[in-house]
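Trainee: So that we are looking at the same thing, I have put the structure below in structure tokens.
The values are calculated or read from the model by the stated rules, or taken from the named source; none is laboratory data. Because the structure is a prediction, the values reported are computed rather than measured. FYI the Cβ positions are ideal-geometry reconstructions off the backbone, even for glycines, and counts take in every protein chain you see.
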């Protein structure tokens, strides 16, 4: 059933396929608002719970490390159990963790709930991406995953603004309580509206392959290495840019949260949507089109990541952040769609889980080390190191794709076509 370009020979009805994307888009939006809101409330956390700078870094690091360590298992569960049920369970559980975060009375309890959120949110991504990929064939897969990815960008921007707004108006605790209520309400809606996989999907069909076969693909392994470096610079921006803007340019918490996320995520939204359409078009001409699109995005975005922190004026910072988002969106749109071009559908969940594991470990380390070292070395120097590593690895990915992509597809997807066809 798998086409040479990585899609299905029998395309499910497109209206229903896009309905799945729409429902999961709003779910993913809530997911990212819940995790991102905390980065705009660092000043009140310093005051109310007496967080130190290193402990503030741990807020993001503990979440991403636990999230990442949970990802391979979450991905494998998405290949073995009904993905729809996993999505619903994840939404309910992370909403309860959000409720607990708002009730925290100490640094330790706050960090414990962040760890719980990492576990519960890890269940969502492999199951959701696998469900979308099962509904969308080669002609629309990058576009569908790109549209879904824009919820991440919108959630980061909304969370950045909402965190600052809630801290200054209703209180940061009430802000978390409202988010928890939204998540539980949406879970009730999703339970009625979200369909399972289309007929003939590999998930639940008894065709599960050995999970570790994904590492036979050299292109997949190279993609994971690039994603590690890319996420280091990405999460440094996501976690520390609001505080950087507040300290360097003297904006209020609400203004800092908005400024640090709006321009970055607006640029990313444009880049993600363009990257999805561009990659689908490129894949029609070159089988490796999604890999080339993703690699080019990382290569072009590296100098702009550095410029965002190194800019001397607020206007220059906004321009660099928007530019970074626009070209980084090429990678964000295609990281999973590219991976699905060199692994079998029956391992989509595990493949996505491993990528998130790699990216999360990197992002968590980046957030923590920035908090630990920024007063000694400066955030500009730390970003320069991360951006240089990302640029070098992106160039190597493009070379690896040219050398090994055809071989990977022939060896890893031909058996899948025979088994499923």
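Trainee: Just to check your reading of the model, which residue among 342, 354, 358 is closer than 30 Å to residue 210 by Cα, in contact with a helix residue (DSSP H, G or I) (Cβ under 7 Å, 6 or more places away or on another chain), modelled with pLDDT of 90 or more and not in a helix (DSSP H, G or I)? Reasoning before the result, please.
Mentor: Details: 354 fails: not in a helix (DSSP H, G or I); 358 fails: not in a helix (DSSP H, G or I).
Exactly one of 342, 354, 358 is closer than 30 Å to residue 210 by Cα, in contact with a helix residue (DSSP H, G or I) (Cβ under 7 Å, 6 or more places away or on another chain), modelled with pLDDT of 90 or more and not in a helix (DSSP H, G or I), namely 342.
Trainee: Moving to a separate point now. Can you say whether residue 212 is closer than 30 Å to residue 292 by Cα and surrounded by fewer than 18 Cβ atoms within 10 Å (Cβ to Cβ), as far as the supplied structure shows?
Mentor: Numbers: closer than 30 Å to residue 292 by Cα: yes; surrounded by fewer than 18 Cβ atoms within 10 Å (Cβ to Cβ): yes.
Answer is yes for this residue.
Trainee: What do you reckon, is residue 377 free of Cβ contacts under 8 Å to residues at least 60 places away in the same chain and within 20 Å of the chain's Cα centre (by Cα)? Give the steps one after another, and end with the answer.
Mentor: Numbers: free of Cβ contacts under 8 Å to residues at least 60 places away in the same chain: yes; within 20 Å of the chain's Cα centre (by Cα): no.
Answer is no for this residue.
Trainee: Go through the range 162-171 and give me each residue that's surrounded by fewer than 22 Cβ atoms within 10 Å (Cβ to Cβ) and closer than 15 Å to residue 242 by Cβ.
Mentor: Filtering the range 162-171 for residues surrounded by fewer than 22 Cβ atoms within 10 Å (Cβ to Cβ) gives 165, 168-171.
Residues satisfying the conditions are 165, 168.
Trainee: Would you mind telling me which numbered condition in (1) under 28 Å from residue 280 (Cα atoms); (2) out of contact with any helix residue (DSSP H, G or I) (no Cβ under 7 Å at 6 or more places or on another chain) residue 378 fails?
Mentor: Against the list (1) under 28 Å from residue 280 (Cα atoms); (2) out of contact with any helix residue (DSSP H, G or I) (no Cβ under 7 Å at 6 or more places or on another chain), residue 378 comes up short only on (1).
Trainee: Of all residues in the range 235-250, which are over 27 Å from residue 357 (Cα atoms) and either surrounded by 22 or more Cβ atoms within 10 Å (Cβ to Cβ) or free of Cβ contacts under 8 Å to residues at least 40 places away in the same chain (or both)?
Mentor: 245, 247, 248, 250, listed by residue number.
Trainee: Now, a different point. Testing residue 307 on (1) in contact with a helix residue (DSSP H, G or I) (Cβ under 9 Å, 6 or more places away or on another chain); (2) farther than 22 Å from residue 256 by Cα; (3) free of Cβ contacts under 8 Å to residues at least 60 places away in the same chain; (4) surrounded by fewer than 24 Cβ atoms within 10 Å (Cβ to Cβ), one condition comes back false. Which one is that?
Mentor: (2)
Trainee: Ok, one more. Among the residues that make up the range 12-25, is at least one of them in a helix (DSSP H, G or I), buried (at least 24 other Cβ atoms within 10 Å of the Cβ) and at pLDDT 90 or above? Outline the logic, then answer.
Mentor: First, pick out the residues of the range 12-25 that are in a helix (DSSP H, G or I): 14-25.
Now narrow it down to the ones that are buried (at least 24 other Cβ atoms within 10 Å of the Cβ): 20, 24.
When the remaining residues are screened for being at pLDDT 90 or above, the result is 20, 24.
Within the range 12-25, one or more residues are in a helix (DSSP H, G or I), buried (at least 24 other Cβ atoms within 10 Å of the Cβ) and at pLDDT 90 or above.
Trainee: Evaluate the following for residue 275: is it buried (at least 24 other Cβ atoms within 10 Å of the Cβ) and at pLDDT 90 or above?
Mentor: In short, yes.
Trainee: Continuing with the same structure: Just to be sure, is residue 397 at pLDDT 95 or above and farther than 20 Å from residue 247 by Cβ?
Mentor: On the way: at pLDDT 95 or above: yes; farther than 20 Å from residue 247 by Cβ: yes.
Yes: the conditions hold for residue 397.
Trainee: Report yes if some residue within the range 217-231 is in contact (Cβ under 8 Å) with a residue 60 or more places away in the chain, part of a helix (DSSP H, G or I), touching a helix residue (DSSP H, G or I) at 6+ places or on another chain (Cβ under 8 Å) and farther than 17 Å from residue 356 by Cα; otherwise report no. Full working, then the answer.
Mentor: The initial filter retains those residues of the range 217-231 that are in contact (Cβ under 8 Å) with a residue 60 or more places away in the chain, namely 217-220, 222-231.
Filter again for part of a helix (DSSP H, G or I), leaving 218-220, 222-231.
Of the ones still in play, those that are also touching a helix residue (DSSP H, G or I) at 6+ places or on another chain (Cβ under 8 Å) are 218-220, 222-231.
Going one step further and asking which of them are farther than 17 Å from residue 356 by Cα, we end up with 218.
Within the range 217-231, one or more residues are in contact (Cβ under 8 Å) with a residue 60 or more places away in the chain, part of a helix (DSSP H, G or I), touching a helix residue (DSSP H, G or I) at 6+ places or on another chain (Cβ under 8 Å) and farther than 17 Å from residue 356 by Cα.
Trainee: Looking at residue 284 and the list (1) closer than 21 Å to residue 158 by Cα; (2) surrounded by fewer than 21 Cβ atoms within 10 Å (Cβ to Cβ), which single condition is not satisfied?
Mentor: All conditions pass for residue 284, except number (1).
Trainee: Go over the candidates 107, 125, 87 one by one and state the one that is surrounded by fewer than 18 Cβ atoms within 10 Å (Cβ to Cβ) and either modelled with pLDDT under 95 or at negative phi (or both). Let's see the steps before the verdict.
Mentor: Details: 125 fails: surrounded by fewer than 18 Cβ atoms within 10 Å (Cβ to Cβ); 87 fails: surrounded by fewer than 18 Cβ atoms within 10 Å (Cβ to Cβ).
Of 107, 125, 87, the one residue that is surrounded by fewer than 18 Cβ atoms within 10 Å (Cβ to Cβ) and either modelled with pLDDT under 95 or at negative phi (or both) is 107.
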